[in-house]
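Here it is, the structure in full.
The values are calculated or read from the model by the stated rules, or taken from the named source; none is laboratory data. These numbers come from a predicted model, not from an experiment. Cβ sites come from the backbone with ideal geometry, for glycine too, and all protein chains shown count toward neighbours.
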Amino acid sequence: MSDADTAGDASGDASGAAATGAALDALLDLLDVRPAPSGIPSGIPAGAAAQTFTGAGAGHDEYGLYGGHTMGQAVVAASRTVGDERRLNSLHAYFLRGGDGTAPVDYAVETVRDGRAFATRRVRATQRPAGDRAGGEAAGEAAAGEAGRRIIELAASFHTPETGSAEMSVPAPAGLADPETLPTFHECIAEVGPIFGEHWSNDPRPVDYRLAHAPWAPSGPSERGGIDFWFRAPHRMPDDPVMHAAVLVYMSDDCIADNVTVPYGRTWGSPGTHVVSLDHAMWVHRPVRVDEWVYVEQWPLVATGARGTSEARFWQDGRLVATALQEALARF
């Protein structure tokens, strides 16, 4: 390789890293919901304690609103209503309707319980008509108590960290390749084309994303027939555990549903394929920093009756830090 080639590669790497860093900063800003304007209806039953927040949309509507986007924002909204000592330990989300990627999302957080060790929150995510947001004729609907079009219901549990006598885990995957030796997501997509649509395939990713196993990677799918990858934030993040958890939740929806379609040579972006997340459960077992490498191990569990379920395990430094399960509608 000539000096000019080496310089060109270095320039491309630097440009890609800068784009990824900017995308991460944009994601952190996207996930950090703001208190909603006063008067926004929550849709929470009268008498229940609720706080409302607003999060930004994706800025485009190529495939609707990504589930990790709304789950991540919902986790931040719920986290802002519990004490700083509490840490997300689990969530369960139901995707009720597709969202509009161009519109903001309102989050109403209901306090279900505040105990000595645990706090439970219920989050309702809705999108209001444009006229409602602008204060036009549709505002009367909001005044009547309509909170908008409900798109997600999420329950989240938060735990005050404590020391227990039980400490065990299933064995960590063996023989993992160094993530920095693996191809990036975009390097793999460049070989196969925009199989996930233009935005998802070509936009800068907010994390350094390395494919260990996938049908669109040189290695092919894993022995379990799934998609495995590494990810980490491209630069050091603030120490706020809420945002680390939110990015973890955001990434947990990245391609988990695709594991159901992998055995059939398809992705959710394949022609004639309709894949939609139905519900998503996640348990955060240990603290995690997403600015350090996280290995995501995934595989399909079952598919029948146009529904499929996949599992994902998240590893860091040889320790199981989180587990996720997702059921998706899969029609093709």
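Enumerate the pairs (first residue in region 242-256 and assigned by TED's automatic domain parsing to the domain that holds V288; second residue anywhere and among the aromatic types (F, W, Y)) with beta-carbon separation below 6 Å, excluding pairs fewer than 6 apart on the same chain, so at least 6 apart or on different chains.
M251/F231
Follow-up question, since we're still on this one. If A48 meets every condition in (1) in the same structural domain as T126 (by TED's automatic domain parsing); (2) of a type in the set (A, V, I, L, M, F, W, C); (3) at pLDDT 95 or above apart from one, which number is that one?
Among (1) in the same structural domain as T126 (by TED's automatic domain parsing); (2) of a type in the set (A, V, I, L, M, F, W, C); (3) at pLDDT 95 or above, the lone unmet condition for A48 is (3).
What number goes with the only condition from (1) of a type in the set (A, V, I, L, M); (2) part of a helix (DSSP H, G or I); (3) at pLDDT 95 or above that I189 does not pass?
(3)
Could you list, in sequence order, all residues of region 252-305 that are in a helix (DSSP H, G or I) and under 22 Å from F158 (Cα atoms)?
Looking only at region 252-305, we keep the residues that are in a helix (DSSP H, G or I), and these are 252, 258-264.
Once the filter is applied, which keeps residues that are in a helix (DSSP H, G or I) and under 22 Å from F158 (Cα atoms), region 252-305 yields only S252.
Using the structure shown, decide if S157 is touching a residue at least 12 places away in the same chain (Cβ under 8 Å) and of a type in the set (S, T, N, Q).
Values: touching a residue at least 12 places away in the same chain (Cβ under 8 Å): yes; of a type in the set (S, T, N, Q): yes.
Judged against the criteria, S157 is a match.
Can you tell me which residue among G226, G269 is surrounded by fewer than 22 Cβ atoms within 10 Å (Cβ to Cβ) and assigned by TED's automatic domain parsing to the domain that holds V296? Outline the logic, then answer.
Numbers: G226 fails: surrounded by fewer than 22 Cβ atoms within 10 Å (Cβ to Cβ).
None of the other options fit; the residue is G269.
Note down all Cβ pairs under 7 Å where the first residue falls in region 308-324 and is surrounded by fewer than 19 Cβ atoms within 10 Å (Cβ to Cβ), the second is among the basic types (K, R) and not in a strand (DSSP E or B), and they're at least six residues apart or on different chains.
Short answer, once both residue conditions are applied: R319/R286.
Within region 104-138, take every residue that is aliphatic (A, V, I, L, M) and surrounded by fewer than 19 Cβ atoms within 10 Å (Cβ to Cβ) and give me the one that is modelled with the lowest pLDDT.
Top of the filtered list is A138.
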